[in-house]
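The values are calculated or read from the model by the stated rules, or taken from the named source; none is laboratory data. In this text, all values refer to a predicted model and were calculated from it rather than measured experimentally. Quick reminder, even Gly has a Cβ in these numbers, built from the backbone with ideal geometry, and neighbours come from all protein chains shown. Note: areas computed on protein heavy atoms with side chains; ligands, DNA, RNA excluded. Shrake-Rupley method; radii C 1.70, N 1.55, O 1.52, S 1.80 Å.
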Amino acid sequence: MAGREQYEVVIVGGGPAGLCAALYGGRGMLRTVLLERGVPGGELLNTEWIEDYPGFPKVKGRELADLMTQHALQFGAEIRQENAESIVRRPDGIFEVTTSLGTIFEAPAVIITAGGTPLKLEVPGELEYAGRGVSYCAVCDGAFFKGETIAVVGGGDAAVEEADYLTRYAEKVYLIHRRGELRASRILQERLFQNPKIEVVWNKRVLELFGDPSGLKTIALEDTETGQLSELKATGCFVFIGFRPNSGIVQQHFAHDASGYMITDDRMMTSIPGLFAAGDLRVQLTRQVTTAVGDATTAAIAVEKYLTERRQSGAGVGSGAHAGV
Ligand code: NAP
């Protein structure tokens, strides 16, 4: 329902960082709302098994997402299925988070945990065969490739983990990497090299994807060292080459790195006072579920302190001229 609503903190994005921030916001007795356009869980929903979350030696991504959602709700946070489209800080220090339904959520603090969008190869054929062979989510689409030969592109944790996952469906999985060395963690690499269904195609760049009306058939490659051209027969091409942070909804200038990742201080506050960032869209060494919830814990506790300081300075935590509208 369109209109203005007031909270003490608005959390934008419902992945592990958002859900953890909501848990702490609720537990800190802050009027807390989390906006998520889909089902809460974020990247957890695209991951079959999580095995590096302390206390859970092996847990389904979906199950952990449900548990985190219930946990946040138990502490009194509200979760709303709305797509946040813009975040603006007014001169009085109150943020307006506007959603595609036209609702304006007002709060003196916002925690943005909106994650990222998968990077595309940006080669001819990628768009044409999206949904007909090209995919960015193994858990969502893997089952369509039972008994087939497919390729995974990338050399990071995501590509290596998903190549392994996809062998439960595919007969053969090529892992195409542009260098001669993987970026992925050692434990994931070991699992990859032990999997007889996986063949790593080293030093290759995808040039173009070819197929027919039934879907993808061939991947054209170029050797990154020799320039030699080759082809690979594959009916699937799963692309895991990183992602672009979803920081574009912030309408004012904020400090960021060359790729658009948000720079924060040690309280997770961005260069915009009252705007905090946590999880995948923040500049940091690694992006794990544990680091996302760690960021979020810091951010939510920092919000409490920020609101106290704001109250003490006389600014209040209400939403100024619009309070009660
Ligand atoms: P990433 O670590 O940034 O790796 C991206 C990979 O794609 C790199 O190997 C990169 O090659 C390659 N690449 C980038 N652009 C390319 C292009 N245009 N064409 C071909 N290859 C390209 O991304 P990620 O694997 O999505 O992981 C993102 C973050 O999430 C990381 O911090 C990762 O640790 C974390 N993560 C963790 C887990 C886990 O622990 N289980 C699972 C998934 C993700 P170069 O190596 O040559 O740069």
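The residue that is surrounded by the fewest Cβ atoms within 10 Å (Cβ to Cβ), counting only those in the stretch 238-287 that are over 18 Å from the mean Cα position of the chain (by Cα) and in a strand (DSSP E or B), is MET269. Between ALA138, ALA107, ALA114, ALA159, the distinction of being under 27 Å from GLY248 (Cβ atoms), in contact (Cβ under 8 Å) with a residue 24 or more places away in the chain and out of contact with any Phe, Trp or Tyr (no Cβ under 9 Å at 6 or more places or on another chain) belongs to ALA114 only. If you go through the stretch 121-176 and keep only what is touching a Lys or Arg at 6+ places or on another chain (Cβ under 7 Å) and either within 11 Å of the ligand (Cβ to nearest atom) or closer than 22 Å to THR224 by Cβ (or both), you end up with GLU126, GLY155, GLY156, ASP164, VAL173, ILE176. Among the conditions (1) in contact (Cβ under 8 Å) with a residue 60 or more places away in the chain; (2) surrounded by 15 or more Cβ atoms within 10 Å (Cβ to Cβ); (3) polar (S, T, N, Q); (4) closer than 20 Å to GLY14 by Cα, the only one that THR235 does not satisfy is (4). Restricting the stretch 180-198 to residues that are near the ligand (Cβ under 8 Å from one of its atoms) and of a type in the set (A, V, I, L, M) leaves a set whose member that is nearest to ASP52 (Cα to Cα) is LEU188. Filtered by the rule that a residue be under 21 Å from VAL160 (Cα atoms) and within 16 Å of the ligand (Cβ to nearest atom), the stretch 223-244 gives ASP223, THR224, LEU232, ALA234, CYS237, PHE238, VAL239, PHE240, ILE241, GLY242, PHE243, ARG244. Quick check on the stretch 7-24. Is at least one of its residues under 18 Å from the mean Cα position of the chain (by Cα), without any contact (Cβ under 8 Å) to a residue 40 or more places away in the chain and within 30 Å of LEU166 (Cβ to Cβ)? The answer is no, given that none of the residues of the stretch 7-24 is under 18 Å from the mean Cα position of the chain (by Cα), without any contact (Cβ under 8 Å) to a residue 40 or more places away in the chain and within 30 Å of LEU166 (Cβ to Cβ). For the stretch 181-213, filtering for residues that are open to solvent by 40 Å² or more (accessible area, probe 1.4 Å), of a type outside the set (Asp, Glu) and in contact (Cβ under 8 Å) with a residue 60 or more places away in the chain leaves 2.
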